[in-house]
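Below is one structure, written out as structure tokens, with a few remarks after it.
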Amino acid sequence: MVFGTGPKAGSALVGHPDTRLISFTGSTATAEKIRSMSAPFCKKISLELGGKNAAVIFGDADLEKAIPATVRSSFLNQGEICLCTSRIFVHNSIFHDFLAKFCAETEKFTVGDPADSTTKVGALISREHLAKVKAYIKLAKDEGCTLASNGDLQLPDRNKEGYFLSPVVVTNVSDSSRLMKEEIFGPVTCVVPFEREDEVVERVNDVPYGLCATLWSQDVNRVHRIAHKIQVGTVWVNSWLVRDLHMPFGGVKASGVGREGINDSAEFYTETKVISIDTK
């Protein structure tokens, strides 16, 4: 085990010819450096990176199930999970109803002391990251977006200096906005309407990332059809974060290279060799 920072210890390990295999979980920007430094040595690499994950809510979705699950997928662990939802596409026929109920459910997500069993959202990882997430909220205001939910932050005295942020729901946002393109990695999600199936598939795929997506519909043929068209590594239907270690896990595009899981990880860490012996 080697301790140190990425620029020093990490760079030394990645760029050393005796390091034959690299498994990395982290940002896409750091992964680009790893790929560049390891390329001259043809190293075996596995990269589990970021995402800009979408939820698609169709008109026939069970909102009693979809809304609390989508609030959870958006704001669990302060949105600091690579699998969190940050783009929610809702069919026009239920958009306003969904948005009202989604915001009401979001406001039940208590922000506060992690030691309190009623707390759903804790502090972000650092002062710098809090500033980064707040910069996206400022961008939303500057672009004329609507903050449909941005609850008042009321913290216990011992937590007032912590890096806390209330969940934020952004609407009236363009697909071309950085809010819809970049990984925020915080308690911020965008909710936008859609009309047609082919339209929403194109919009879901119109980001550099491809980690996961969730589909909410009672139409089995529809979800099968769309699941095959969406450019992601995992599609959950009427659920989120259903995991089994036997399931291959990973992303496409800027969300990573390779798959993790019991069988896939064993394969990655194995170097197959063929030995042929003539005994005559």
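Computed values, structure above
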{"item": "Within the range 60-97, backbone nitrogen closer than 20 Å to the virtual label 7 Å beyond the Cα of K181 toward Cβ", "result": "86-89"}
{"item": "Segment D62-A104, length gained on full extension (0.36 nm per residue, minus Cα span)", "result": "13.4 nm"}
{"item": "Area accessible to solvent at Y163, 1.4 Å probe radius, in Å²", "result": "70 Å²"}
{"item": "Fluctuation leader among A54, A39, A140 - the chain, Gaussian network, Cα springs under 10 angstrom", "result": "A39"}
{"item": "Carbon and sulfur %, accessible surface of the chain computed with the full protein complex present, 1.4 Å", "result": "53 percent"}
{"item": "Whole-percent pair-distance distribution, where bins are 10 Å wide, for the alpha carbons of the chain", "result": "6, 26, 31, 22, 11, 3, 1, 1, 0"}
{"item": "The chain: most fluctuating residue of A29, A66, A123 per GNM, C-alpha cutoff 10 Å", "result": "A29"}
{"item": "Linear extension gain, E267 paired with R20, 0.36 nm per residue minus alpha-carbon span", "result": "87.4 nm"}
{"item": "Estimated 222 nm signal from helices in the chain, with DSSP H stretches of n ≥ 4 weighted -39500 (n - 2.57), rounded to 500", "result": "-9000 deg cm²/dmol"}
{"item": "Coil-residue GluC sites (Glu not before Pro) of the range 186-280, DSSP, other Cβ within 10 Å capped at 11", "result": "E195, E271"}
{"item": "Per-pair calculated FRET efficiency, R0 = 25 Å: V242 and D219 via Cβ, rounded to 0.05", "result": "0.80"}
{"item": "Under-5 Å amide H pairs with G210, H placed in peptide plane, nonlocal only", "result": "K52, V252, A254, S255"}
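The values are calculated or read from the model by the stated rules, or taken from the named source; none is laboratory data. Computed from a predicted structure; not experimentally measured. Reconstructed Cβ throughout: ideal geometry from the backbone, glycine too, with neighbour counts over all protein chains shown. To get the accessible areas, we keep the full protein, side chains included, count just its heavy atoms, and leave off ligands, DNA and RNA. Shrake-Rupley method; radii C 1.70, N 1.55, O 1.52, S 1.80 Å.
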